[in-house]
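Colleague: This structure is in structure tokens; I'll ask about it shortly.
The values are calculated or read from the model by the stated rules, or taken from the named source; none is laboratory data. The shown structure was predicted, so the numbers you read here are calculated from the model rather than taken from an experiment. Don't worry about glycine lacking a Cβ; one is built from the backbone with ideal geometry, like all the others, and counts go over all protein chains shown.
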Amino acid sequence: MREERHEADFCVVGGGLAGLCAAVAAARHGTRTVLMHDRPVLGGNASSEVRMWVCGAQGANMRETGILEELMLENFYRNPTANYSVWDSVLYGLAACQPNLALLLNCSCVSAEMDGDRIRSVRGWQGTAETWHTVTADLFADCSGDSILAPLTGAQVRVGREAAGEFGEDIEPPVADRRTMGMSCLIQTREYDHPVPYTPPEWANRYESDEDLPHRGHEVVGNNFWWFELGGEDDSIHDTERLRHELLQVAFGVWDHIKNRGDHGAENWALEWVGFLPGKRESRRYVGDHILTQNDIRAEGHFADLVAYGGWSMDDHHPGGIRWAGPPTVFHPAPSPYGIPYRSLYSRNIANLFCAGRNISATHAALSSTRVMGTCAMLGQAVGTAAAIAARHGLCPRGVGQRHLAELQQTLMDDDCYLPWHAREVPEVSRKATLTAEYGDPEPLRNGHDRPIGAADNGWAGPLGSWVEYRWPEMRCLTEARLTCDSDLDRVFRTGERNRMQNMHCCYRPGDPHFRLPDSLLRAFRLEALTAGGEWQTVARAEENRRRLVRVPLAVETTALRLIPESTWGAERAHLFSWDVR
């Protein structure tokens, strides 16, 4: 068989949203990165193979930004009909076209070489190419969900539910066990303008009446059937293949019930897709320098080393899944936002190992909130950014938190990752300039808060074609302009479903509104610099912007710089949260 070797600064194992964001973040900061993923498509549970929409923090303006928002906006732009293959291509393109990033798809990590308490290399089998890939790196991140590097390296992990008394968590059982939340094979449906018959396979389960599916709402519209769930009472890793068959029996059987056993308003609905790869919620969790608990979340997580945030409820699925006759989950309340500490994002006993995604250092109770993919993406970007800092300074993960925490936090915020209760440092050249606008008060543009927070809008609004200006008493050499646009963090395209716009659909209806970029997003703008002769000269222009965070490289020497918004994707006025220069 062929053997290939790769030398890198940072190796990420697992290409779900956490691993994808970790790898891209590190590569963008100049780190030689390899991303090893065992599937043909990226995104994990968000990909076309599982098709779970991206959930995250709830509440006004709590949507996750950074790399995840970049992906969301690109999908709205390129994928108006919510086609999963196009969504896959958005994720793939981000990684495949990223400098400093080597992508190994269809490559399963199967072994690791250790040097004391450090990982020296990992080895993966790429079945499609019959090739062994060995990746040697200084730093590693396990974003595989199942924490594959733990059994390969001896990293400490936890499995199952802690006893309530261990951390004082009142939603945990009195006695610890190895039960977890289960896994699901989802389905998707499509409505036609004529009746569509359905014949189930002979091996499908049979649910004669609604009483056979207690507490399981099985309306067709807006339902992704997340409660097709099993595995919490089994081994959520080693029993996966057996459970997959049982889940398929459930999926085809429930659709048979909806179509053929009672009136469910589904006469014109057809089974569009069935997932043959179970989407997992929980398996192994790493043990880091801090174990995030239910009480940390309830106290809002005001950690000094906060590097990400959550805001989903503690959504604790019953381990019995569909075998359990009671409610399939309990939504225990959690604040939104709450902070997540850096110390939960690396291994306690393997010196050069990060973790991000549903396998971070957390109790079962805390995991029931942190596991959702919007949060996992933020954890991944935090880990990738920390890895870049670690590589630059020759440190292990723990050393970044001890010596470069402020750098990590500021870098994340500069990359449009929101950190609650923190302000982004605005460059000195912007702070010391005179900032004026043709209309309105522009001062919020340099207050370090790049989204609405509470009653504070933290933005500037003005007519299209009007200007905002930085001016200095002497010539300044400017190398970059940075803008944070309004991508409508509270956007909802479908009324009556959720308080968030999901990134993809779970069912398809005639006349569904197409995805589109938010009306509020800035589409075109120009930058003008004042020449020595007193004239305004255009030095940069963007005409089809589709990003919330926009960086414009400059090579300008001037005493004044103007930003002039020219158009949006629909709104009559421009609205920006930040504009600064450096």
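Colleague: Just the residues that are at pLDDT below 95 and assigned to a helix (DSSP H, G or I), please, taken from region 43-70.
Modeller: Hits for region 43-70: nothing passes.
Colleague: Filter region 59-101 for residues that are among the small types (Gly, Ala, Ser) and farther than 27 Å from Ala8 by Cβ; which is surrounded by the fewest Cβ atoms within 10 Å (Cβ to Cβ)?
Modeller: Ser85
Colleague: Looking at region 116-212, what strands (runs of 3 or more DSSP E) fall wholly within it and have at least 2 residues that are of a type in the set (Phe, Trp, Tyr)?
Modeller: Passing ranges, in order: 131-142.
Colleague: Another question, if that's okay. Out of everything in region 372-394 that is polar (S, T, N, Q) and more than 8 Å from the chain's Cα centre (by Cα), what residue ends up being farthest from Asn45 (Cα to Cα)?
Modeller: For region 372-394, the residue satisfying everything is Thr385.
Colleague: Okay, next question. Quick one: how many residues across region 214-266 are within 25 Å of Ile148 (Cβ to Cβ), part of a loop (DSSP other than H, G, I, E, B) and among the acidic types (Asp, Glu)?
Modeller: 4
Colleague: Considering only region 423-448, state which residues are in a loop (DSSP other than H, G, I, E, B), within 16 Å of Phe525 (Cβ to Cβ) and under 32 Å from the mean Cα position of the chain (by Cα).
Modeller: Pro442
Colleague: Looking only at residues that are acidic (Asp, Glu) and out of contact with any Gly (no Cβ under 9 Å at 6 or more places or on another chain) in region 562-582, which one is farthest from Ala461 (Cα to Cα)?
Modeller: Asp580
Colleague: Could you grab me the full set of residues in region 212-258 that are more than 26 Å from Gly160 (Cβ to Cβ) and of a type in the set (D, E, K, R)?
Modeller: Answer for region 212-258, where residues must be more than 26 Å from Gly160 (Cβ to Cβ) and of a type in the set (D, E, K, R): Asp212, Glu219, Asp256.
Colleague: Right, something else. Please determine, by comparing only the residues of region 33-42 that are part of a loop (DSSP other than H, G, I, E, B) and out of contact with any helix residue (DSSP H, G or I) (no Cβ under 8 Å at 6 or more places or on another chain), which one is surrounded by the fewest Cβ atoms within 10 Å (Cβ to Cβ).
Modeller: Ranking the qualifying residues of region 33-42, first place goes to Pro40.
Colleague: Continuing with this model, one more query. From (1) of a type outside the set (Lys, Arg); (2) out of contact with any Phe, Trp or Tyr (no Cβ under 8 Å at 6 or more places or on another chain); (3) surrounded by 16 or more Cβ atoms within 10 Å (Cβ to Cβ); (4) closer than 30 Å to Asn205 by Cα, pick out the condition that doesn't hold for Val254.
Modeller: For Val254, the exception is condition (2).
Colleague: Would you please list the contacts, defined by Cβ atoms under 6 Å and residues six or more apart or on different chains, that run from a residue in region 319-345 that is on the phi > 0 side of the Ramachandran plot to a residue that is part of a loop (DSSP other than H, G, I, E, B)?
Modeller: Gly321/Gly182; Gly321/Gly232
Colleague: If I ask for residues that are β-branched (Val, Ile, Thr) and either within 23 Å of Ala137 (Cα to Cα) or touching a Cys at 6+ places or on another chain (Cβ under 7 Å) (or both), which ones from region 327-374 would you list?
Modeller: Ile350, Ile360, Val372
Colleague: Select, from Ser466, Ser487, the only residue that is touching a residue at least 12 places away in the same chain (Cβ under 8 Å), out of contact with any Ser or Thr (no Cβ under 9 Å at 6 or more places or on another chain), surrounded by 15 or more Cβ atoms within 10 Å (Cβ to Cβ) and of a type in the set (S, T, N, Q).
Modeller: Ser466
Colleague: Could you tell me whether any residue of region 506-514 is buried (at least 21 other Cβ atoms within 10 Å of the Cβ) and not assigned by TED's automatic domain parsing to the domain that holds Thr436?
Modeller: yes
Colleague: Filter region 244-266 down to the residues that are under 11 Å from Cys185 (Cβ atoms) and either aromatic (Phe, Trp, Tyr) or not assigned by TED's automatic domain parsing to the domain that holds Tyr198 (or both) and list them by number.
Modeller: The one that is under 11 Å from Cys185 (Cβ atoms) and either aromatic (Phe, Trp, Tyr) or not assigned by TED's automatic domain parsing to the domain that holds Tyr198 (or both): Phe252.
Colleague: Met181 is checked against (1) closer than 23 Å to Glu229 by Cβ; (2) surrounded by fewer than 16 Cβ atoms within 10 Å (Cβ to Cβ) and fails just one. What number does that condition carry?
Modeller: (2)
Colleague: If a residue counts only when it is of a type in the set (Phe, Trp, Tyr) and surrounded by fewer than 24 Cβ atoms within 10 Å (Cβ to Cβ), which strands (runs of 3 or more DSSP E) contained entirely in region 267-378 have at least 1 such residues?
Modeller: 269-274, 329-332
Colleague: Does Arg451 meet the test of being among the basic types (Lys, Arg) and either at pLDDT below 95 or within 21 Å of the chain's Cα centre (by Cα) (or both)?
Modeller: Taking the combined requirement at face value, the residue satisfies it.
Colleague: With among the small types (Gly, Ala, Ser) and buried (at least 19 other Cβ atoms within 10 Å of the Cβ) as the only criterion, which of Ala176, Ala112, Ala163, Ala129 stands out?
Modeller: Result of the check over Ala176, Ala112, Ala163, Ala129: Ala112.
Colleague: For region 489-512, does any single residue satisfy the condition of being at pLDDT 95 or above and in contact with a Phe, Trp or Tyr (Cβ under 8 Å, 6 or more places away or on another chain)?
Modeller: So far as region 489-512 goes, no, none of its residues is at pLDDT 95 or above and in contact with a Phe, Trp or Tyr (Cβ under 8 Å, 6 or more places away or on another chain).
Colleague: Please verify whether region 403-416 includes one or more residues that are modelled with pLDDT of 95 or more, hydroxyl-bearing (Ser, Thr, Tyr) and buried (at least 16 other Cβ atoms within 10 Å of the Cβ).
Modeller: Yes, region 403-416 contains a residue that is modelled with pLDDT of 95 or more, hydroxyl-bearing (Ser, Thr, Tyr) and buried (at least 16 other Cβ atoms within 10 Å of the Cβ).
Colleague: Please list, ordered by first then second residue, the pairs with beta carbon atoms under 7 Å, 6 or more apart or interchain, first in region 182-197 and more than 12 Å from Phe276 (Cα to Cα) and in the same structural domain as Asp239 (by TED's automatic domain parsing), second aliphatic (A, V, I, L, M) and assigned to a loop (DSSP other than H, G, I, E, B).
Modeller: Thr189/Val220
Colleague: Output the qualifying pairs, or none if there are none: Cβ atoms under 9 angstrom, residues six or more apart or on different chains, first residue in region 532-557 and modelled with pLDDT under 95 and part of a loop (DSSP other than H, G, I, E, B), second residue exposed (fewer than 13 other Cβ atoms within 10 Å of the Cβ) and hydrophobic (A, V, I, L, M, F, W, C).
Modeller: Ala532/Met475
Colleague: Sticking with this structure for a sec: Give region 9-21 a look and list any residue that's more than 16 Å from Leu105 (Cβ to Cβ) and buried (at least 24 other Cβ atoms within 10 Å of the Cβ), or say none.
Modeller: Matches in region 9-21: Phe10, Ala18, Cys21.
Colleague: Hey, another quick one. Answer with yes or no whether Asn75 is within 25 Å of the chain's Cα centre (by Cα) and on the phi > 0 side of the Ramachandran plot.
Modeller: Here the answer is no, as Asn75 does not meet what is asked.
Colleague: Taking the stated definitions as given, is Cys477 hydrophobic (A, V, I, L, M, F, W, C), touching a residue at least 60 places away in the same chain (Cβ under 8 Å) and more than 19 Å from Ala60 (Cβ to Cβ)?
Modeller: Considered against the rule, which asks whether it is hydrophobic (A, V, I, L, M, F, W, C), touching a residue at least 60 places away in the same chain (Cβ under 8 Å) and more than 19 Å from Ala60 (Cβ to Cβ), Cys477 comes out as yes.
Colleague: All but one of (1) among the small types (Gly, Ala, Ser); (2) in a loop (DSSP other than H, G, I, E, B); (3) at pLDDT 95 or above hold for Gly462; which doesn't?
Modeller: All conditions pass for Gly462, except number (2).
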